[in-house]
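To start, the structure itself, in structure tokens.
Read-outs: derived from the displayed coordinates by stated rules, not from any lab. In this text, all values refer to a predicted model and were calculated from it rather than measured experimentally. Cβ: placed from backbone, ideal geometry, glycine included. Neighbour counts: every protein chain shown.
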Amino acid sequence: MYLFVFAALTAIYLGVSGSRQIKSLDAKIQTLESREEGYKDSLQNSMFEILDMQYFSLENNDDALSYYDHLDMDDLSGYISDRLLESNEQKGDNPLVPYEGMNGDFKINKIKLLNHKWLIADFSDGKYWGELLITYDLKDNKDVDFNVKEHLLYMNSN
């Protein structure tokens with residue numbers, strides 16, 4: 001009789017304990033599912049932001065890329081960027097930057113090709129910086145001519 005009562009109490013304890021564990025695990029699952037939905041929304045928003053940022057980009061502009069199909073180049077953006085960065089190799093300021101460096105020589109740092117004719121470049125001397133709007137012309141012999149259309153130098157607020 002004592003064995004039966006002991007077994008019954010043990011079964012009741014295990015049943016109640018198991019149901020509490022199930023409720024606890026269900027609550028955790030609900031929390032994780034709501035987090036997952038938030039992460040999915042965040043990821044989708046990030047993807048939309050990336051697509052917006054890539055809108056003005058040579059790599060994603062088939063019409064602009066077709067302009068240079070006859071040159072049969074694999075990495076057109078890389079080639080043009082490399083040619084522009086070669087202008088940094090000259091001693092002194094980059095010849096495309098219309099300012100004299102105040103804390104060193106102005107050199108081009110970052111380049112974004114917008115289409116088959118325009119690019120934006122960032123330049124700096126380590127303390128002062130600015131931006132250039134440059135037109136370029138890639139010729140059939142793969143020479144590139146760069147022409148600065150607009151430029152600006154940011155004022156250091158310190």
Provide, for the range 91-152, the number of lysine pairs with alpha carbons under 12 Å apart, each pair being eight or more places apart or on different chains.
-> 4
Determine the relative contact order of the chain: mean sequence separation of Cα pairs under 8 Å and six or more apart, normalised by residue count, in whole percent.
-> 13
Mean projected area (nm²) of the alpha-carbon convex hull when the chain is viewed from all directions = 19.0
For the range 76-158, state what percent of all Cα-Cα pairs lands in each successive 5 Å bin, counting from 0 Å until the bin that includes the largest distance.
-> 3, 15, 27, 25, 15, 9, 4, 1, 0, 0
Just name one of 97, 152, 16: the one whose Cα is farthest towards the positive end of the charge dipole of the chain (beta-carbon charges, Lys/Arg +1, Asp/Glu -1).
-> 16
Summing -39500 (n - 2.57) over every DSSP H run of at least 4 in the chain, dividing by its residue total and rounding to the nearest 500, the 222 nm mean residue ellipticity is -15000 deg cm²/dmol
Kirkwood-Stokes translational diffusion coefficient of the range 105-144, alpha-carbon pairs, 10 °C, 1.306 mPa s, µm²/s = 143
Relative to the longest principal Cα axis of the chain, at what angle does helix 2-53 sit, 0 to 90 degrees, rounded to 10?
-> 10
Taking trypsin sites (Lys or Arg not before Pro) as candidate sites, keep only those in a DSSP loop with at most 13 other Cβ atoms within 10 Å, then name the longest stretch of the chain containing none of them.
-> 1-90
What is the calculated FRET efficiency for residue 136 to residue 90, with r their C-beta to C-beta distance and R₀ = 25 Å, to the nearest 0.05?
-> 0.90
For the range 41-140, which chymotrypsin sites (Phe, Trp or Tyr not before Pro) are both in a DSSP coil and crowded by at most 11 other Cβ atoms within 10 Å?
-> 55
What nm distance separates the two modelled labels at residue 2 and residue 44, each placed 7 Å from Cα along Cα→Cβ?
-> 6.4
